[in-house]
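The values are calculated or read from the model by the stated rules, or taken from the named source; none is laboratory data. Note that the structure is a prediction, hence the values are computed from the model and not measured. Glycine gets a Cβ as well: all are built from the backbone with ideal geometry, and neighbour counts include every protein chain shown. Calculation scope for accessible area: heavy atoms of the full protein, side chains included, ligands and nucleic acids excluded. Shrake-Rupley method; radii C 1.70, N 1.55, O 1.52, S 1.80 Å.
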Amino acid sequence: MKAAILNESSKPLIVSNVDLPEKLQFGQVLVKVYYSGICGAQINEIDAVKGPDKFLPHLLGHEGSGIVQDIGPGVTTIKKNDHVVLHWRKSSGIQSPTPIYNWNKKKVNAGWVTTFNEYAVISENRLTAIPKDFDLKIAALFGCAITSGYGAVNNDAKVKIGQSVLIYGMGGMGLSIADACSLVSANPIVGIDLHQNKLELSKQFGVTETIINDNNEQVKNKIHKIFGEKGPEVVFETTGNSKLMENAYEMTPNNGKTVFVGVPNDKISIYSLPLAFDKKIEVSHGGDSIPDKEIPRYINLSRDKGIDFSKFITHEFNLDDINEALKLFRSGKAGRIILKINE
Ligand SMILES: [Zn+2]
């Protein structure tokens with residue numbers, strides 16, 4: 001089967017034939033992957049931002065959808081032929097050993113979930129079964145993009161009806177956060193980004209006002225103009241850029257909340273005194289989502305309330321063109337990019 005392999009850090013992925021492990025172990029599930037998303041976590045893995053990568057070569061990808069081909073011993077929550085979402089957050093079921101694939105007689109490592117490969121051995125607790133009539137392309141977004149953004153709003157920030165919100169970065173995560181803020185009737189919902197096209201797109205996700213991030217002082221003036229003396233009640237930072245994290249904290253008023261989405265990997269400098277009063281910082285880890293509880297809710301929402309999650313997808317690529325897709329992701333010009341792994 002075909003897979004994209006990270007053989008060397010900071011280099012293009014190698015798309016090549018890889019052999020599956022010979023047999024499924026306790027808690028493992030074999031899935032034919034149909035669609036996968038791409039997110040910043042894979043870019044960080046490729047660039048080895050957390051330090052030297054001791055798992056090379058390895059497979060990648062942590063949000064996808066597919067159909068179960070076989071189940072290993074002990075698996076009870078998933079059956080053969082189930083349609084499933086592949087997610088990196090833990091759910092119910094067993095946490096299996098991680099699989100080892102084979103590439104030209106070389107061992108290839110993989111985590112509990114990988115999605116940039118045609119078939120994947122996945123840990124039972126990284127899978128959630130979904131109705132067979134639900135669109136698998138949309139389902140891939142529930143592996144990270146939507147659950148993380150919605151979770152950041154619901155579980156971490158706990159945005160209330162009518163609260164004012166400012167969002168730094170209108171990439172896939174920013175759009176998902178805006179959409180969730182719109183579902184809970186936040187007002188206004190203001191988006192900041194470097195790219196005008198992403199700001200335009202964000203209006204389809206409930207963003208009520210946009211600010212182009214061209215000049216720091218002007219941006220601050222525009223924020224003051226929109227939110228007035230009170231300032232935004234909740235400020236989300238989705239880029240992980242240390243300067244923007246500092247800005248997001250600075251623009252949060254003393255009784256407000258800054259939510260850092262993703263794992264910060266840099267030193268930032270903030271004025272800490274307001275933390276002794278009522279200013280709060282939350283760090284959202286994948287929206288602290290609980291996939292097997294939240295994915296069924298979102299599927300029902302889509303079915304009963306006509307929410308069209310396909311608006312998140314701005315580009316689609318085949319697995320062979322994954323390096324092109326990663327380049328587009330790095331350019332910051334895309335919303336959510338979907339890889340068509342099998343169709
Ligand atoms: Zn992700």
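Scanning segment 45-66 for residues that are more than 16 Å from V108 (Cβ to Cβ) and open to solvent by less than 30 Å² (accessible area, probe 1.4 Å), we see that the one that is farthest from the ligand (Cβ to nearest atom) is G51. Can you tell me which residue among A139, A186, A120 is over 30 Å from T252 (Cα atoms), buried (at least 24 other Cβ atoms within 10 Å of the Cβ) and more than 19 Å from the chain's Cα centre (by Cα)? The conditions single out A120. For beta carbons closer than 7 Å, sequence separation of 6+ or different chains, a first residue in segment 136-163 that is of a type in the set (A, V, I, L, M) and a second that is within 11 Å of the ligand (Cβ to nearest atom) and in a loop (DSSP other than H, G, I, E, B), the qualifying pairs are A145/C39. I need the full set of residues from segment 2-44 which are free of Cβ contacts under 8 Å to residues at least 40 places away in the same chain and more than 21 Å from N104 (Cα to Cα), in order please. Of everything in segment 2-44, just one residue is free of Cβ contacts under 8 Å to residues at least 40 places away in the same chain and more than 21 Å from N104 (Cα to Cα), namely S10. A search for C-beta distances below 9 Å between a residue of segment 79-91 that is at negative phi and any residue that is among the aromatic types (F, W, Y) and within 13 Å of the ligand (Cβ to nearest atom), counting only pairs 6+ apart in sequence or on different chains, returns V85/F142; H87/F142.
Counting residues in segment 320-331 that are modelled with pLDDT of 90 or more, over 17 Å from the mean Cα position of the chain (by Cα) and crowded, with 18+ Cβ neighbours inside 10 Å gives one or more.
Here S16 fulfils each of the conditions (1) hydroxyl-bearing (S, T, Y); (2) more than 16 Å from the ligand (Cβ to nearest atom); (3) in contact with a helix residue (DSSP H, G or I) (Cβ under 9 Å, 6 or more places away or on another chain) apart from (3). Quick one: in segment 105-117, of everything that is without any contact (Cβ under 8 Å) to a residue 60 or more places away in the chain and farther than 19 Å from G66 by Cα, which residue is surrounded by the fewest Cβ atoms within 10 Å (Cβ to Cβ)? So, considering only residues that are without any contact (Cβ under 8 Å) to a residue 60 or more places away in the chain and farther than 19 Å from G66 by Cα, the one surrounded by the fewest Cβ atoms within 10 Å (Cβ to Cβ) is K105.
Exactly one residue out of V85, V113, V68 is in contact with a His (Cβ under 6 Å, 6 or more places away or on another chain) and in the same structural domain as N17 (by TED's automatic domain parsing), and it is V113. Taking the stated definitions as given, is Q42 away from the ligand (no atom under 16 Å from the Cβ) and among the polar types (S, T, N, Q)? No, not satisfied. Looking only at residues in segment 110-145 that are in a loop (DSSP other than H, G, I, E, B) and under 22 Å from V18 (Cα atoms), the one that is farthest from the ligand (Cβ to nearest atom) is E118.
Considering only residues in segment 24-39 that are among the aromatic types (F, W, Y) and within 16 Å of A129 (Cα to Cα), the one that is farthest from the ligand (Cβ to nearest atom) turns out to be Y34.
If I filter segment 165-182 for residues that are assigned by TED's automatic domain parsing to the domain that holds P232, without any contact (Cβ under 8 Å) to a residue 24 or more places away in the chain and out of contact with any His (no Cβ under 8 Å at 6 or more places or on another chain), do I get at least one hit? Scanning segment 165-182, I find no residue that is assigned by TED's automatic domain parsing to the domain that holds P232, without any contact (Cβ under 8 Å) to a residue 24 or more places away in the chain and out of contact with any His (no Cβ under 8 Å at 6 or more places or on another chain), so the answer is no. Picking from residues in segment 1-30 that are part of a strand (DSSP E or B) and touching a Ser or Thr at 6+ places or on another chain (Cβ under 9 Å), the one that is most open to solvent (accessible area, probe 1.4 Å) is K2.
Just to verify a result, which residue in segment 308-319, among those that are without any contact (Cβ under 8 Å) to a residue 24 or more places away in the chain and touching a strand residue (DSSP E or B) at 6+ places or on another chain (Cβ under 8 Å), is surrounded by the fewest Cβ atoms within 10 Å (Cβ to Cβ)? By that ranking, first place goes to N318.
For first residues located in segment 276-301 and closer than 24 Å to E124 by Cα and β-branched (V, I, T), partners that are more than 16 Å from the ligand (Cβ to nearest atom) and open to solvent by less than 60 Å² (accessible area, probe 1.4 Å) and lie 6+ apart or on another chain with Cβ distances below 7 Å form the pairs I295/I130; I299/I130; I299/P131; I299/F134.
Filter segment 142-155 for residues that are farther than 16 Å from I338 by Cβ, of a type outside the set (G, A, S) and open to solvent by less than 10 Å² (accessible area, probe 1.4 Å) and give the result. Those that are farther than 16 Å from I338 by Cβ, of a type outside the set (G, A, S) and open to solvent by less than 10 Å² (accessible area, probe 1.4 Å): Y150, V153.
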